[in-house]
Every structure is written in structure tokens, then in C-alpha cells.
1. Which fully enclosed strands (runs of 3 or more DSSP E) of region B:107-185 have 1 or more residues being within 13 Å of chain A (Cβ to nearest Cβ), over 18 Å from B:Gln88 (Cβ atoms) and at pLDDT 95 or above?
2. Mind checking which helices (runs of 4 or more DSSP H) fall wholly inside region A:85-159 and carry at least 2 residues that are under 30 Å from A:Lys189 (Cβ atoms) and either more than 9 Å from every other protein chain (Cβ to nearest Cβ) or without any contact (Cβ under 8 Å) to a residue 60 or more places away in the chain (or both)?
3. Quick check on my filter: what residues within region B:248-305 are over 30 Å from B:Ala363 (Cα atoms) and not in a loop (DSSP other than H, G, I, E, B)?
4. Does A:Ile81 satisfy the criteria of being crowded, with 24+ Cβ neighbours inside 10 Å, of a type in the set (Val, Ile, Thr), closer than 22 Å to A:Pro171 by Cβ and facing another protein chain (nearest Cβ under 8 Å)?
5. Being closer than 26 Å to B:Ala476 by Cα, assigned to a helix (DSSP H, G or I), more than 8 Å from every other protein chain (Cβ to nearest Cβ) and in contact with a helix residue (DSSP H, G or I) (Cβ under 6 Å, 6 or more places away or on another chain): is that true of B:His401 here?
6. With respect to B:Ser95, determine if the residue is of a type in the set (Ser, Thr, Tyr) and under 19 Å from the mean Cα position of the chain (by Cα).
7. Restrict the check to region B:314-324 and report whether at least one residue is surrounded by 15 or more Cβ atoms within 10 Å (Cβ to Cβ), touching a residue at least 40 places away in the same chain (Cβ under 8 Å) and closer than 24 Å to B:Glu128 by Cβ.
Amino acid sequence: MNRMNLPFDPYNVIITGVGGQGNVMASRIVGNMLSRKGLSVTIGETFGASQRGGSVMSHLRISTGSSWSPQIPNGKCHLIISLEPTEAMRVLATYGNPNVKVLCNTRPIHAIGVISGDQQYPDLDEITAWVAELSEAFWFLDATEKAMELGNPILGNIMMIGAAAGIGVLPLDRKDFEAALAENLSADKLELNLKAYDLGVGMVQ
Amino acid sequence: MSSILRGEAGTRHLLMGNEAIARGALEAGVCVAAGYPGTPSSEIIETLAGVSAQQNVYVEWSVNEKVAMEVAAAGSFAGLRSLCVMKQNGVNVGSDFLLHLAITGTRGGMVLVACDDPGALSSANEGESRHFARMLEIPLLEPADFQEAKDMIKWAFELSEEIKNVVMVRSVTRLSHASGNVIFGKLPEIEKKAFFHHEGSIMDPLQGPMSSLPVVYKHEQQQEKLKQAVARYEESAFNAYSGPRSPELLLVTGSACYLYSKEAVSLLGVEDRVGLLKLGTTWPLPPKLLEKYLGLTDKILVVEEVIPFLEENIKISAAEFAARVGPKTFFGKREGYIPQVGEMNSDRVVSALSKILSLEYEAVPESYSQRALELSNSGAPGRDLTFCAGCPHRASFWTIHNTLQMDGRQGFVCGDIGCYSLAMLPTGFNTLKTLHAMGSGIGLASGFGKLAQFGMEQPVVAVVGDSTFFHAALPALINAIHHQSDITLVVLDNSGTAMTGFQSHPGLGVDATGNQAPAIDVVKVCQAMGATVRVSDPFEPEKTQQTLFELFEIQGLKVLVLKQMCALSPEKKGKKMFEVSVDETVCIGQTCGCNQLCTRIFKCPGLNWDKEKQVSKIDEFICVGCGMCASICPSGAIRKKEVA
């Protein structure tokens, strides 16, 4: 088994988004990739009706040791992968710290309070400035827009995974991505996903 | 082939807790598995259903949890290993049978898996199933991580077979729905032969009829079985101590709380001050083991969720051993160190430990956390729960709500458990006014509908989903018809157990394993019982409203079946019925008398308000093309075109 050096042990990642965006699947892929490296991975998540339209988080604990608790303690997140801009803010409030890194998809999903006009959705520039203030490093990526060019917005999540690999903090590599996906995808879909992954890597380099 | 079969013994896999439980059952050679869907338990039966053919396991989604227990018990009585699975509420439903089963005993190993939901992450309660183990006098096990979830299930079957009684295993959301690494054991090759012996005496547990009679005799036998279980518990590797020989504080815990406790001790760096006793066999507690560790120190902290089950039982033991281990000071729920509501996490344990050990703990500099909270509060608009885009429930409640408003007699709707519970919230126009157990909407309505003699004139409506209709609504419906209760039942038929992930139910033409099955027709069932029945499509609001008004005029019990498939169902997902668009020349925005009806009131996530142009617009990514918004736009600005 190929043991890795992690910048922190456990290394804590939160993948966040809105119910239905696909962050459960994204966390499975990332978890599977790291588990293939021989690392111990614990993923905590919630799903069900209580997530319809609500904020959804997956907590990943990556360790060379054993299972960690399925919930990251307050203030102890090392990397936030946010599939939606304001969700990054929500996660920072509870799990952020001055050394956290943030990867954020720029495509907003409006809550019904915003659709109805009861609440305002902030400008992306504002959110970027806040995230900059609260993090050590951050990347805002137009993943959904790029994914639409490939024909499916859901591929934006794959680009975010590629970007997470691209920033080089975790032993995520393309071979493991391919192997993790090959279990469940047909060859043509796999190719499209690999393309999205590569685009994601490119976005942060 | 499913990944839970693919792995050879000794290989390591990343599994969801529920998958680990399913794998454990397969490694134990389970033959019969039955359950009713309920978060966080559903994936156990789903996983087993996926491999039922290869492994020769009979798997079913039973009509409700009581029947699931009975189906599983039949397997056990016939000598097979059998599993039944449910969420915490389900144990209440099944408990009537379980009470009798626990006295009767079992033959082939039988394991009941109950998945509790501390914090009610996806439930309308955070009830505990553990108390049933004590109340009904059966052994209880609680796995603390993913590997244990698998191994403990296998051991539970062995224990059940040894003591000839059902064994309960309690999981929680943070284990069932979390994932972690699991090393596989061997899948057995066993001959599975079912035969029910009933020819012996009623006193013969292996050859006689299965019954709790004679009760006092069998009850005594049952308690002997518990003693046998305790003897095994004393030696069990699922109970483990880590920490110093003479700790300042003994922390006793189990389940997912073990992981939180371990992390809290590490966050505070108090490994040399705190001893950690993890208990996997939580009822009845093994006295010798407990006495040994209670003797280590006089300060005890118990960490568990939700109410003090372990804590109370440990206190009883401490009282029993007091002469030998001396008096103890407890820091637990009763003493206010650990909350008695909500789920646990490492921070809550850190807070208890800090208080007891007089430590300071700051996760991040306060200036940072304050600023982050301030920015998040002002910058991240809250996300109220909402029906999905294109959800038939939004359409159904739109019409039910409007009809009751127009009727003007302050009618109301009684509901129960399903995605449609969200109709208590603005997404369902706050239409639901009562929300309790499965089937309780129609039961309450049955009662409300008899209050005319006390001057009640409000129209009474009940809603029930199609799966819930079969699970628990039928007895209440029969009651309402028999007593001529004057109510309208709306069956929100979205063709599946949608909330928990489209499991099959008796109204569908397939079973859990995907085989064809005879479907039971809701309309015919209601008609046969004597109800006046109408059917409508919730995406036709005018027709639906007219039908509702007609039904309100008829005395007695009326049923309206609103039939439209869930927007997320595999059959429908990704297929638009309509291309929906907004004609910007017709939408006159705020000058229209509708006052943004579509985005302000109807609030489908597929709609947006274009602030610059002052018109409504369709979000192409989110809209699923149900066309309902086109039906409600008073100016006809929202257009729908059938997708060829």
C-alpha cells in the first residue's frame, strides 16, 4: 500500500453545495480516489427530504491512520470545495480558519427566498472579496459555464475535482480518477469526464 | 456486479455504513431480508436487493415495518438467518409483534437493524429505538465505526442463533450515511433449506409451535437468554478501553459518539488524563467489565445521543457495585454536561471535557470566527427547504390551498410523513396544519370529520402519499368510511416511495428486486370500500380545483387521487414534458396585478425574477418542464410547448 504524506493528518475537506447539485457523488469520487491510494477515508453526509433545496455538505476526513468522526470539528477545515458561491461563505462561518483554502464554482443557485425577492443574493465580486479575507488561498472557477460547453452542467463538479487535484494539496491523480469512474461509467462517458477533469486541472494552473 | 460482492476476503473497500451492514449480513449467510424504506436505513435493503439473485437471498420492501418483522421472523422460524431493517419510527410500528417475538424466541439467527436519526436530520422526530431493547428484553449492539458495522452484524447473527432470540443492532445517521474503509470477510457457501418444525410440544423451542405461551415460563426462558448474551458480552472485542491505567476521568461512550469522543480527547490533548471506554454491547451492560473500568476513577462522563440510556444503565450498575468501587461523580446529561437533545459532535464533547477538566479551548481566533459569522449572516441568504422544480406536490398544494381559500370556511389539511410534509412550509403554501406519524393525517381527519355535532363546519382534508397509503392509511381510511366521517382524502400518488429514493411499494408493478409484481390499485381499493373516488392530474389545476369543489359538496368520505410521477423519478428525470419560456413582451412585471405571482408565491426554483428587465424568466438549468407555471400566469406570459 502506497502511504502518502499529508499536509495535515487528518486532512479535512468539505464539499458543499445545494441539494441536487451532486456533491454526494463528488465526495464519493474524491473519497474513492484517495482510498485507492491506501489512505483511510471517512465521509460524513446527510441526505433525504430535509435537503430539498437546502445546503448540503459532505465532510471528508483523510488520514494515514484509522476512521475519523464523520463530522469535522468547528474551525478545522483545510480545503473547501464549494459548488455554489454563497455556500462557501456558510461553510467558512463554521469550519473556516485563517489557513483554509477555497475552491469555488461561480455559478449561483438562488434560494427561494431570493427568487421571491425577500432576500438579496450578493454580487460575485463581494463574495470573492469576503472569501479572500477569510482564506489563505482561493480559486473562483466558472466550472458550470465551461461544463455547459461540454454539454452537461453536472460536469462542473468533475472540473472542481480536477481543480482540487490541480492545486496539489492531496494525492489525487488522474489514474485513480479514471479507475474510480470506470466502475460505474461507460467508455464514452468516461472520456467526457476525463476531459472535464483535465479542464479543471488546467483552471488552477 | 455490485461492489459489495466484488471484493475478495481481506480486501479493503470504501463503504457507506449501510452497505457495510448489508455486507455483514451477506457474510453471515442471510437468507431473508425485509424492511420498509426510511432515512437513514433504506440503503441496507436496497443493497441486498441488488445482489439477491446472485446470493440467493429473499429481499422485500414490506408494506410496513410490522409486516417486515413478521416476514423476517418466518424465515427464522423455518431455520434461516433473517434480517429486518427500519428507521427508529419503524420499531414503534413493529413493536407489537416484537414484544411477542421476544418472548417466543427465534430459530435461525434473526437480527433487527434500527437506524436512529439523532438531531432529526431527515425525520419528524429524534425518537430512540434503544429503549425497546430494554423494554422487550432483547440484546442490543451499537457499532462505533464502519468496520464494526459489518463485523457486528455477523456477530449478531451468531449471538441470535446461540441464544435463540432476536438481536437488535442500532445504527445512527452519522454511521449509516457516512462512509469509511472496511476490510471484507468471506462470503459463506451454505446450503439454505427452509423447514418449519411445528410437530413438537409447545414447550419445545426447536420443534414445537412458535408462541409466547405459556407466558411466564417463556418469559423466564427469555431472561435466561439475556444472561447468556451478557456472558458473551463480557468477552466481546466490541468493548475496548484505551487510555492511562489511572485516568482522572473515565469517558464511557459507544456508537458514532466514540469517534467524536476520541477526536475531542485528541483536540484537547488530554490522552494522558482521560480513559476512553467504548461499549459496543450496550444492553444489558456486562457487569464484570463495567465494574473493572468503573474502578479506575471516581469521575465518569457518559457521551451518547439522544437521551441518557447508557448513562442511566451505568448509574444503576455503579449503585450495584458501590460497595466495591466506591462512590462516583457523574458528568452526563442529567448533570447538564452533555445535551439531551440533538445530535452529538466532537465540539460538544470538547465543551463537556473542557468544563470538567477546567481547560480553555479555542478552535480558531475569535476575531476570525466573529468576522466569518458576520459575513456569512449578511452575505449568504438562507435556504428554506423547497419542493424540487417540477414537483407535483407544489402543484397539488397550490390547488388544495387555493380551493380551501376560495371555499372560505377555514378548511384545513391533515398530513403525515413524506416529501409532502414540506407543505407545512411556504413551499407548500403552509397548507398542512397537522403533521405526525405515517397515516396519521387520515386518522386525525377521521376524528375531525365527526365533530359536526359540536358545530364544526370547517372542511377537513387529509393528504397521504401512495406508499404511505398502503403502509398505515388503510385502517384509518376504513375507520373513516365505516363511521361516515365527512372528509376528503387526497392521495398524492407520485408512483414511488420518492422521499427515500424510489423504493417499490404494493401500488407498483415491480418488487424490491425489480421483478414484476401484481400492483394494488388505490382507486379500486377505495371504491371497493365504498368511498366516492375521483382522479386528476395535479398539473391540471383548473380541473383539479373543480373536482375538489364537487367533492366538498358530497357528504361522507371522498377520495381524490392526484396522479403525477415525481420529478426526480428515474423514468422522468432529464425528460421535459414542455419547453417553457417567458414572453417578455407579455409579462408586464410589477404593473401586472399578479404582483409576481410566479416567483413571489408559487416560488418554483426553476423560475427567476430578472431585476433589470422586470420580467419573470425560466432558469434553463433547473426547469424540468412540468408546465405548471404556465397554468398559473394570469397574463399568459409564461408559454409552454409540448416537447415532441
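The values are calculated or read from the model by the stated rules, or taken from the named source; none is laboratory data. None of the values given here were measured: they were computed from a predicted structure. For neighbour counting, all protein chains shown are included, and Cβ atoms are generated from backbone atoms with ideal geometry for every residue, glycine included.
1. Strands (runs of 3 or more DSSP E) meeting the threshold: B:179-183.
2. Numbers: elements: A:85-95, A:112-115, A:124-134, A:143-149.
Once the helices (runs of 4 or more DSSP H) in region A:85-159 are filtered for at least 2 residues that are under 30 Å from A:Lys189 (Cβ atoms) and either more than 9 Å from every other protein chain (Cβ to nearest Cβ) or without any contact (Cβ under 8 Å) to a residue 60 or more places away in the chain (or both), what remains is A:143-149.
3. Within region B:248-305, B:Thr281, B:Thr282, B:Trp283, B:Pro287, B:Lys288, B:Leu289, B:Leu290, B:Glu291, B:Lys292, B:Tyr293, B:Leu294 meet the criteria.
4. For A:Ile81, the condition - crowded, with 24+ Cβ neighbours inside 10 Å, of a type in the set (Val, Ile, Thr), closer than 22 Å to A:Pro171 by Cβ and facing another protein chain (nearest Cβ under 8 Å) - is not met.
5. No: the conditions fail for B:His401.
6. yes
7. Within region B:314-324, one or more residues are surrounded by 15 or more Cβ atoms within 10 Å (Cβ to Cβ), touching a residue at least 40 places away in the same chain (Cβ under 8 Å) and closer than 24 Å to B:Glu128 by Cβ.
Per-residue answers, yes or no, for (1) part of a loop (DSSP other than H, G, I, E, B); (2) within 11 Å of chain A (Cβ to nearest Cβ); (3) touching a strand residue (DSSP E or B) at 6+ places or on another chain (Cβ under 9 Å):
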site: B:Lys576; (1), (2), (3): yes, no, no
site: B:Cys587; (1), (2), (3): yes, no, yes
site: B:Gly593; (1), (2), (3): yes, no, no
site: B:Arg600; (1), (2), (3): no, yes, yes
